[in-house]
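Chemist: The structure under discussion is supplied below as structure tokens; questions concerning it will follow.
The values are calculated or read from the model by the stated rules, or taken from the named source; none is laboratory data. A quick note: this is a predicted structure, and the numbers were derived from the prediction, not measured. Cβ sites come from the backbone with ideal geometry, for glycine too, and all protein chains shown count toward neighbours.
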Amino acid sequence: MCHSCGSDKRGMFTAEIAIHFPGFKGLDKPHVWVFPQVVVCLNCGSAEFLVPENELRALAKGDAAAAGLHEAHKVDPSIRSAAARGVEMAESTLEIFRGAIGSGTEVRLEAVSGLENARRRMEQLAAASPGLYFVFSAHGHSILACADTRKSALPSITRNNKIA
């Protein structure tokens, strides 16, 4: 029975899940990959799975590489075709953050598919709530777009202002 809605309509599926460490600093850490059986409620969409012991230790330590998991799950990029890599870049999921890059106070707002969609959404967010925003590609480990809609903290200077 589903713990969220109480439904008996559930299905079991195989999955591959990349668990990311939280925050901007977590983007530099390798993912922890798990390949669990996932039970999905076919009524509300709630899902449950168990994290295997080795991967659970890596999550508890906060570092997949330190637990020896990164190399075991590393995929050789040469096995992907050029066409697949092109589609991956055009339709990749990008992360939108608010905050100063590298400040440790960045907040992940949402994920968006494709660069143009991410830029458009970042601009909408920035217009609605002024601040610093950026689009980050976890795949390329790079910042692809930025927006700063803060009001200037400096006073405006006019010709009539006297300098002592």
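The rows are residues; the columns are (1) touching a residue at least 12 places away in the same chain (Cβ under 8 Å); (2) over 17 Å from the mean Cα position of the chain (by Cα); (3) closer than 30 Å to Thr105 by Cβ.
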{"residue": "Lys29", "(1), (2), (3)": "yes, no, yes"}
{"residue": "Phe35", "(1), (2), (3)": "yes, yes, no"}
{"residue": "Val39", "(1), (2), (3)": "yes, yes, no"}
{"residue": "Ser46", "(1), (2), (3)": "yes, yes, no"}
{"residue": "Glu53", "(1), (2), (3)": "no, yes, no"}
{"residue": "Ala60", "(1), (2), (3)": "no, yes, yes"}
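Chemist: Taking the stated definitions as given, is Leu69 under 26 Å from Glu110 (Cα atoms) and either assigned to a loop (DSSP other than H, G, I, E, B) or modelled with pLDDT of 80 or more (or both)?
Modeler: no
Chemist: Right, next: Under 7 Å between Cβ atoms, at least 6 apart or on separate chains: pull out the pairs that start in the stretch 105-120 with a residue that is surrounded by 13 or more Cβ atoms within 10 Å (Cβ to Cβ) and end on any residue that is part of a helix (DSSP H, G or I) and modelled with pLDDT of 90 or more.
Modeler: Leu109/Leu125; Val112/Ala118; Val112/Arg121
Chemist: Now a separate question. From the list Ala138, Ala145, pick out the single residue that is surrounded by 13 or more Cβ atoms within 10 Å (Cβ to Cβ), modelled with pLDDT of 85 or more, under 19 Å from the mean Cα position of the chain (by Cα) and small (Gly, Ala, Ser).
Modeler: Ala145
Chemist: Check Ala84 against each of (1) modelled with pLDDT under 85; (2) more than 21 Å from His139 (Cα to Cα) and name the one condition it does not meet.
Modeler: (2)
Chemist: Considering the stretch 106-121 alone, what residues qualify as being small (Gly, Ala, Ser) and under 10 Å from the mean Cα position of the chain (by Cα)? I'd like the intermediate steps shown before the answer.
Modeler: Applying the first criterion (small (Gly, Ala, Ser)) to the stretch 106-121 yields 111, 113-114, 118.
Ala111, the sole residue that qualifies.
Chemist: Got at least one residue in the stretch 113-123 being in contact with a strand residue (DSSP E or B) (Cβ under 7 Å, 6 or more places away or on another chain), modelled with pLDDT under 90 and closer than 16 Å to Gly26 by Cβ?
Modeler: No, every residue in the stretch 113-123 fails to be in contact with a strand residue (DSSP E or B) (Cβ under 7 Å, 6 or more places away or on another chain), modelled with pLDDT under 90 and closer than 16 Å to Gly26 by Cβ.
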